[in-house]
Amino acid sequence: MTARQQGRRAVVTGLGVVAPSGVGADAFWKATRQGVSVLDRIDREGCDGYPLRVAGEVRDFAADAAIDGRFLVQTDRFTHYAMAAADLAVADAGFRPDENAPFGVGVVTAAGSGGGEFGQRELQQLWGSGPHFVGPYQSIAWFYAASTGQISIRGGFKGPCAVVASDEAGGLDALAHAARSIRRGTDAVVVGAAEAPLAPYSMVCQLGYPELSLGEDPATAYLPFSAAASGFVPAEGGAMLMVEDEGAALRRGAKVRAVLAGHGATFTGASRWEESREGLVRAIRVALDEARCSPEEIDVVFADALGVPAADRAEALALADALGPYAERVPVTAPKAGIGRAYCGAPVLDVAAAVLAMEDGVVPPTPNVTEVCHDLALVTGHARPAELRTALVLSRGLMGSNAAVVIRRGNGERP
């Protein structure tokens, strides 16, 4: 490690959110703190007639108002969300790209499904009208790396760029990738994930997941950790964060909102939920060790909360294994029960909620859930005031990835 790399620490200076519950961190946090559920029947054009009936749709978002027309036509809805969230994060951090060396700013995103809506439209053109009617952007708009590339091009960010394709847990793995880039010498990274799985082609693909909830009542379709749990409800949207080297952030007068303190990741196999217990335990312990954090220091857990009985049980047992007796007392929450699981975007939304919860001094509730059938101190009903210094965020993917991130509260002050 060079002298420049020693002591470098990755901190969060900006949040950008595009979620079913609101666009922008303030709107998102207001709904999250109040425990509002925005799950509803899917009414996206072309999406009726499928067994999947309930989801978390982003409704208050005008792509043409947020994205330049020349970028809009090149990209899918999932990249529209990511670009808009990136703009919000950069603005929230007070970061001026024109005042920073372009090679010192990177971009990392995670993606689980890519641009299904764009791809479907172009394939319909291919089979309905012929190859000459397929647009030139078909080759890039559906691709997992599209959001990273477009954010980099649009923002002039020429530093280390990457896309993480490691299942839903990739949202947390992307944050770890960004933190490592910071430690290696990059000054800033725009990082996060956004998804748009509510298009006919994408919905048909999801119907192969046995964990998917096919419930028709938005109030009961997604009830993690309850006896009535019957699977998860998908969602679109996500979040992007501005992550910087702490020293560089303080030199430019930025507010340090949180510290990315530790990360752990494992793999246990698709739908092997009993085995995910061991994998999640290992991920938590690695994250705690990297953060130099004891179990008793964790003030709140943002759970993966799949809503599948076997998976929920495995997560509750994993927390007991990793945190010991303290696991029965630490507040646990799953705000995604009110907006759905946005795949790779879901854990990044949880990280954004964790940062806001630590700043506000409250644990947000788990919407719709009233009775808990696991040994967890799950917060339901109303937000719970608490002194929050350290948060643990968990995520698991349907294909077997597990990840944990430890976040510490920032000083919240400008120098």
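The values are calculated or read from the model by the stated rules, or taken from the named source; none is laboratory data. Bear in mind that the values here come from a model prediction, so they are computed numbers and not experimental data. We place every Cβ from the backbone using ideal geometry, glycine too, and count neighbours over all the protein chains shown. Accessible surface areas use protein heavy atoms only, side chains included; no ligands, DNA or RNA. Shrake-Rupley method; radii C 1.70, N 1.55, O 1.52, S 1.80 Å.
A few comments on the model shown:
- Computed E for Glu275/Asp60 - FRET, C-beta separation, R0 41 angstrom, nearest 0.05: 0.55
- Each residue of segment 377-390 is assigned a 3J(HN,Hα), and the resulting list reads 8, 6, 7, 10, x, 9, 4, 10, x, 6, 7, 10, 10, 9 Hz, derived from the Karplus form 6.51 cos²θ - 1.76 cosθ + 1.60 (θ = phi - 60°), x at Gly and Pro.
- Over segment 237-353, the ratio between the Cα radius of gyration and 2.2 N^0.38 Å evaluates to 1.16.
- Summed side-chain charge close to Pro365 - residues other than Pro365 whose Cβ falls under 11 Å, Lys, Arg +1, Asp, Glu -1: +2
- Amide H contacts of Gly307 (H built 1.01 Å from N, under 5 Å, at least 5 apart or other chain): Phe225, Asp312
- The charge dipole of segment 239-315, taken about its Cα centre with unit charges on the Cβ atoms of Lys, Arg (+1), Asp and Glu (-1) only, comes to about 280 debye.
- Value of [θ]222 nm, deg cm²/dmol, for the chain, DSSP H segments ≥ 4, -39500 (n - 2.57) each, nearest 500: -10000 deg cm²/dmol
- For the peptides 261-268, 83-90, the ranking by mean Cβ contacts within 10 Å, running from highest to lowest, is 83-90, 261-268.
- Extension gain, Met399 back to Ser129 (0.36 nm per residue minus Cα-Cα distance, nm): 93.6 nm
- Extension gain, Leu207 to Ala101: 0.36 nm times the residue separation minus the Cα-Cα distance gives 33.6 nm.
- Here the Karplus curve 6.51 cos²θ - 1.76 cosθ + 1.60, taken at θ = phi - 60°, turns the phi angles of segment 184-200 into couplings of 7, x, 6, 7, 8, 9, 8, 9, x, 7, 9, 10, 9, x, 9, 9, x Hz, with x standing for Gly and Pro.
- Cut-off under 5 Å, modelled amide H: who pairs with Arg252 long-range: none
- Excluding same-chain neighbours fewer than eight residues apart, the lysines reachable from Lys336 by a Cα-Cα span under 18 Å are Lys30.
- Entry for Cα Rg over 2.2 N^0.38 Å (calculated from the structure that is shown) out of (i) 1.05; (ii) 0.92; (iii) 1.51: (ii)
- Across the chain, the longest piece that holds none of the GluC sites (Glu not before Pro) lying in DSSP loops with up to 12 other C-beta atoms within 10 Å covers 46-215.
- Rounded to the nearest 20 debye, the dipole size of segment 1-75 about its Cα centre is 620 debye, using +1 on the Cβ of Lys and Arg and -1 on the Cβ of Asp and Glu.
- Apportionment of accessible area to carbon and sulfur, the chain, percent (1.4 Å): 51 percent
- In sequence order, calculated HN-Hα J values of segment 93-104 (Karplus, 6.51, -1.76, 1.60; Hz; x Gly/Pro): 7, x, 8, 10, x, 6, 9, 10, 4, x, 7, x
- Positive end of the dipole of segment 248-317 (Cβ unit charges, origin at the Cα centre): among Ala249, Ser294, Ala310, the Cα lying farthest that way belongs to Ala249.
- In a fully extended conformation the segment linking Asn411 and Asp68 would gain 119.9 nm over its present Cα-Cα distance, using 0.36 nm per residue.
- Looking at segment 273-415, the DSSP beta bridges with both ends there are about 55 percent antiparallel.
- Qualifying trypsin sites (Lys or Arg not before Pro) in segment 205-314, where qualification requires a DSSP coil assignment and no more than 11 other C-beta atoms within 10 Å, comprise Arg292.
- Loop trypsin sites (Lys or Arg not before Pro), segment 366-415, which have at most 11 other Cβ atoms in a 10 Å radius of their Cβ (DSSP): none
- Surface analysis of the chain yields an accessible area of 39 Å² per residue, using protein heavy atoms and a 1.4 Å probe.
- Taking segment 68-83 and a reference point 7 angstrom along Cα→Cβ of Ala165, the backbone N atoms nearer than 20 Å belong to 75-83.
- Peptide ranges 127-134, 146-153 listed from the most packed, as the mean C-beta count within 10 angstrom indicates: 146-153, 127-134
- Each Lys and Arg adds +1 at its Cβ and each Asp and Glu adds -1 at its Cβ; summed about the Cα centre, segment 155-229 shows a dipole of about 580 debye.
- Kyte-Doolittle mean at least -1.0 and Cα axial length at least 24 Å: DSSP H helices in the chain: 273-291
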